[in-house]
Structures are given as C-alpha cells and as structure tokens.
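The values are calculated or read from the model by the stated rules, or taken from the named source; none is laboratory data. Bear in mind the structure is a predicted one, so any value in this text is a computation, not a measurement. Cβ sites come from the backbone with ideal geometry, for glycine too, and all protein chains shown count toward neighbours. Heads up: the accessible areas ignore ligands, DNA and RNA and are worked out on the full protein's heavy atoms, side chains in. Shrake-Rupley method; radii C 1.70, N 1.55, O 1.52, S 1.80 Å.
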Amino acid sequence: QVQLVESGGGLVQAGTSLKLSCTASGGAFDNWAMGWFRQAPGKEREFVAFVNGVTRKEYYANSAKGRFTISRDIAKKTVYLQMNSLKPEDTAVYYCAADLGSGSYHPIEYEYWGQGTQVTVSS
C-alpha cells in the first residue's frame with residue numbers, strides 16, 4: 001500500500017523560506033510523477049508544482065515560479081518543495097501527491113495523496 005507522508009510545515013514570517021518533504025513508501029516511486037498542491041481555508045485545492053517521473057521536467061504554477069523549487073531524491077523516495085520569499089497568501093495546507101502517469105496540473109489525475117502539512121506565513 002502506497003503511503004505519502006509530508007513534513008516541514010510551520011509558522012514563518014513573510015520573506016523567509018521553508019522546505020517541505022514528502023516521503024513515499026509501499027511503491028516503486030522511481031518513475032512516478034510527484035506533485036505539490038495546496039488548499040487554503042474556503043478555497044479549492046490548487047496546483048503548485050509537479051515533476052515528471054520520466055523526463056524529470058518541472059512544472060510550476062505562476063504563483064510559484066521563481067520562488068519555489070520542486071526536487072526529488074530517488075534513493076530516499078522523497079520529493080521536496082523549497083519555498084523562498086514566502087508571502088501571507090502562501091498560507092495553506094500543502095499536500096504531496098503521486099501520479100503513476102506523467103503528472104498533471106489537475107488533482108484528480110493523482111492516485112495517492114499525503115495527509116498534508118500546514119504552512120502559515122505571517123505578515
């Protein structure tokens with residue numbers, strides 16, 4: 001059974017950085033596309049970034065470009081989201097997700113999800 005466990009969230013001030021981690025177990029991981037999504041209170045879950053499992057190409061939401069970086073460590077079965085220059089509007093629960101296909105901007109395409117980690121950015 002595939003499990004994804006996120007960590008690294010917390011309360012930080014605007015302008016600072018945070019690095020989220022998501023470790024997978026129970027599956028191959030190597031060729032999975034891995035994505036990060038976020039959901040703020042009262043809002044729909046939205047795409048942040050994903051990395052294609054085969055090409056390793058990275059894709060970012062406009063709100064994340066230039067500030068966030070997705071990366072993966074195959075040996076550790078872990079995907080990371082480095083978040084720099086954080087803004088209050090980045091406050092949300094951040095979820096990692098695994099897609100056995102090529103990855104997508106759409107949450108519905110992902111087969112497995114973590115439980116989420118809270119990121120709160122104060123002004």
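Tabulated data
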{"item": "The chain: most fluctuating residue of 101, 53, 26 per GNM, C-alpha cutoff 10 Å", "result": "26"}
{"item": "The chain - percent of accessible surface contributed by carbon and sulfur, probe 1.4 Å", "result": "49 percent"}
{"item": "Segment residue 40-residue 89, length gained on full extension (0.36 nm per residue, minus Cα span)", "result": "16.8 nm"}
{"item": "Highest-MSF residue in the chain out of 99, 73, 90 [GNM, Cα springs under 10 Å]", "result": "73"}
{"item": "Relative contact order [Cα under 8 Å, 6+ residues apart], the range 13-123, whole percent", "result": "34 percent"}
{"item": "Cα lying deepest toward the dipole's positive end in the chain, options 7, 119, 18, charges on Cβ", "result": "18"}
{"item": "DSSP bridge orientation in the chain - percent antiparallel, rounded to nearest 5", "result": "90 percent"}
{"item": "Cα-centre dipole for the chain with unit charges at Cβ (Lys and Arg positive, Asp and Glu negative), debye to 20", "result": "300 debye"}
{"item": "Backbone HN-Hα couplings from phi across the range 39-53 [Karplus 6.51/-1.76/1.60, Hz, Gly and Pro as x]", "result": "9, 8, x, x, 10, 6, 5, 10, 5, 10, 6, 8, 10, 5, x"}
{"item": "Alpha carbon convex hull of the range 72-123, volume per residue in cubic angstrom", "result": "108 Å³"}
{"item": "Pairwise label distance in nanometres, residue 56 with residue 75, each label 7 Å out on the Cα-Cβ vector", "result": "1.4 nm"}
{"item": "Loop GluC sites (Glu not before Pro), the range 26-123 (other Cβ atoms within 10 Å of the site Cβ: 15 or fewer; DSSP)", "result": "44, 111"}
{"item": "For the chain, diffusion coefficient by Stokes-Einstein and Kirkwood Rh (Cα), 10 °C, 1.306 mPa s, µm²/s", "result": "113 µm²/s"}
{"item": "5 angstrom amide H check on residue 87, placed H, neighbours 5+ away", "result": "15"}
{"item": "If the convex hull is drawn through the Cα atoms of the range 1-73, its volume per residue in Å³", "result": "118 Å³"}
{"item": "Per residue, in Å², the accessible surface of the chain once ligands and nucleic acids are set aside, probe 1.4 Å", "result": "51 Å²"}
